Amino acid sequence: MPHDETPTLSPAPTRAAHPPAPAAGPAPWLPRLVTVGLVLAALNLRPAITSLGPLLEEVRDGMHMSGSVAGVLTSVPPFCFALFGFMAPRLARRFGPGAIVCAGMAAIAAGLLIRPFAGGTAGFLAASALALMGIAVSNVLMPVIVKRWFPDRVGSMTGLYSMALALGTALAAALTVPMTDALGGSWQTGLAVWAALAVVAVVPWLPLVRERGDASGKAAEQPRPAAALRITRSRTSWALACFFGLQATAAYITMGWMPQIFRDAGLSAGTAGVLLAVTMAMGVPLAFVIPRVAARLRNQGPIVLVLGGCGLLGYAGLYLAPAGGAWLWALLLGVANCAFPLALTMIGMRSRTGAGVVRLSAFAQSTGYLISIPGPLLVGVLYQHSGGWGLPIALMAGLMVPQMAAGVLAGRDRTIEDEC
């Protein structure tokens, strides 16, 4: 009997000693494809918003909007980001992050194409919401994808897609008015043309629709301990959510209203669009540099204070001499807007696990965007009822102080797992 059992048992150790080849790792082209996809997706995360700012006056006239209704329009992005951002982790677990980002790019393309021709304010808002839904889920999943595919390069990869995001933001602000003029002067065509960029961004994500592996090629896992993490018990989570929300408030007020501030100061629509583009373009180099610097520091509080100080100087300039120093104010506010890539970097640094980053990204961004909703709306109301920009600018400057305080707390060297 022992001699009969020996041949039967011997193959088992041999198989255990040689694991199957498919588990070795992903195809070598997949990380490159993910990088291309990240860059193209990031290019599409703001044109739906910044293409509207330079043409807001034409859109208001064409749809007979009041200042308050226009304020609602500028508050739609953070509302959609908050609402749909909460859905992103569940969708990513079920379908995979690649599939959700691919669907998000398709939604952006459809929304941008339909929006100008939907007819009426309600249709315009509904189509905008479709595009913003795609942006919202992609916003949340960008740090997740970076953490999964490039865990040893979080700072540099966050900087890369933040730089692409800033570039897309600036291009939409600078080119919308010239393209509108070149295409016949119709604001509808000038807004719809940005759908083409989103169509291009769908392509690299198509092969990743079925890809649910992590950077090692293994199936993505959502460990139960991280999934059960009570993130609302973490002070860092709340500080990061407040910092994210207040910087988003400043960003969407800037993107929605800054061109109008310059136009009311006597500058042309084209110049106002270029000034907004300058503000957004500051994020192109800085969005690459700041995450890399932040990732090397144990405490990101000093960076928060420098960015906030630039914002306060920029608001003071807008109040005192909006036309006289317009280019300088645009530069300073552009530096202040780089709180966004800093916040994304801190999301990746404040959790030890990929599953923790998913939850922290969804919580910080969705809660933050909820916090940011009233800001652009309140600016529109103050502008309409005061007849000037003094009170709105005072509001913007006042909000910068708690933003700096929340950022300093969020920048402390700790993780949400330790706090929870």
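The values are calculated or read from the model by the stated rules, or taken from the named source; none is laboratory data. Remember, predicted model here, so these are calculated numbers, not experimental data. Here Cβ is always computed from backbone atoms with ideal geometry, including for glycine, and neighbour counts include all displayed protein chains. Just so you know, the surface numbers come from the protein's heavy atoms only, side chains and all, with ligands and any DNA or RNA stripped out. Shrake-Rupley method; radii C 1.70, N 1.55, O 1.52, S 1.80 Å.
For the stretch 34-122, what is the charge dipole size about the Cα centre, in debye to the nearest 20, if Lys and Arg each add +1 at the Cβ and Asp and Glu each add -1 at the Cβ? Write out the running numbers ahead of the final one.
Details: 6 positive and 3 negative charges, 100 e Å.
It comes to approximately 480 debye.
Residue by residue, what Karplus-based ³J(HN,Hα) values in Hz, rounded to whole numbers, does the stretch 298-313 have, using 6.51, -1.76 and 1.60 with θ = phi - 60° and x for Gly and Pro?
6, 10, 8, x, x, 5, 4, 5, 5, 5, x, x, 5, x, 4, 5
Okay, helix-only estimate at 222 nm for the chain: each DSSP H run of n ≥ 4 adds -39500 (n - 2.57), divide by all residues, round to 500 deg cm²/dmol; what do you get?
-24500 deg cm²/dmol
So if the hydrodynamic radius of the chain is defined as the Kirkwood radius over C-alpha pairs, what does Stokes-Einstein give as its diffusion coefficient at 37 °C and 0.692 mPa s, in µm² per second?
After rounding, the answer is 149 µm²/s.
Any idea what diffusion coefficient the stretch 245-317 gets from Stokes-Einstein, in µm²/s, Kirkwood Rh on alpha carbon pairs, 10 °C, 1.306 mPa s?
115 µm²/s
Whole number please: convex hull volume per residue of the Cα set in the stretch 270-409, in Å³?
With only Cα atoms used, the stretch 270-409 gives 115 Å³ per residue.
Out of GLY407, GLY270, GLY155, any idea which swings most in a Gaussian network model of the chain, alpha carbons joined below 10 Å?
In the Gaussian network model the winner is GLY270.
Percent of accessible area on the stretch 80-186 owned by carbon and sulfur, 1.4 Å probe?
Carbon and sulfur: 70 percent of the exposed surface of the stretch 80-186.
Can you list residues whose amide H is under 5 Å from SER186's amide H, if they're 5+ apart or on another chain and H is modeled 1.01 Å from N?
none
When the accessible area of the stretch 297-420 is split by element with a 1.4 Å probe, what percent falls to carbon and sulfur?
71 percent
GNM on the chain, C-alpha springs below 10 Å: top fluctuator among THR271, THR249, THR236?
The residue with the greatest mean-square fluctuation here is THR271.
With θ set to phi - 60° and the Karplus curve 6.51 cos²θ - 1.76 cosθ + 1.60, what are the ³J(HN,Hα) couplings of the stretch 246-253 in order, to the nearest whole Hz, using x for Gly and Pro?
Each residue's phi maps through the Karplus curve to give 6, 5, 5, 4, 4, 5, 6, 5 Hz.
Rounded to the nearest Å, what's the spacing between the alpha carbon centres of the stretch 380-398 and the stretch 140-197? Just the number, please.
The stretch 380-398 and the stretch 140-197 have Cα centres separated by 29 Å.
For the stretch 356-420, what's the radius of gyration and Dmax over Cα atoms, in angstrom?
Every Cα atom of the stretch 356-420 included, Rg and Dmax give 16.0, 50 Å.
Highest GNM mean-square fluctuation, the chain, Cα pairs closer than 10 Å: which of ALA265, ALA106, ALA195?
ALA265
Can you run phi through the Karplus equation (6.51, -1.76, 1.60; θ = phi - 60°) for the stretch 272-277 and list ³J(HN,Hα) in whole Hz, with x for Gly and Pro?
Values, residue by residue: 4, x, 5, 4, 4, 5 Hz.
Semi-axes of the equivalent ellipsoid for the stretch 101-169, please: Cα gyration tensor eigenvalues, times 5, square-rooted, ordered largest first, whole Å.
Rounded to whole Å, the semi-axes are 30, 12, 8.
Using +1 at the C-beta of Lys and Arg and -1 at the C-beta of Asp and Glu, which of PRO302, ALA339, GLY354 has the Cα lying farthest in the positive direction of the dipole of the stretch 299-418?
Of the listed residues, the answer is GLY354.
With an 8 Å cut-off on Cα pairs and a minimum separation of 6 or more residues, tell me the relative contact order of the stretch 288-337 in percent.
Averaging sequence separation for qualifying contacts and normalising by length gives 36 percent for the stretch 288-337.
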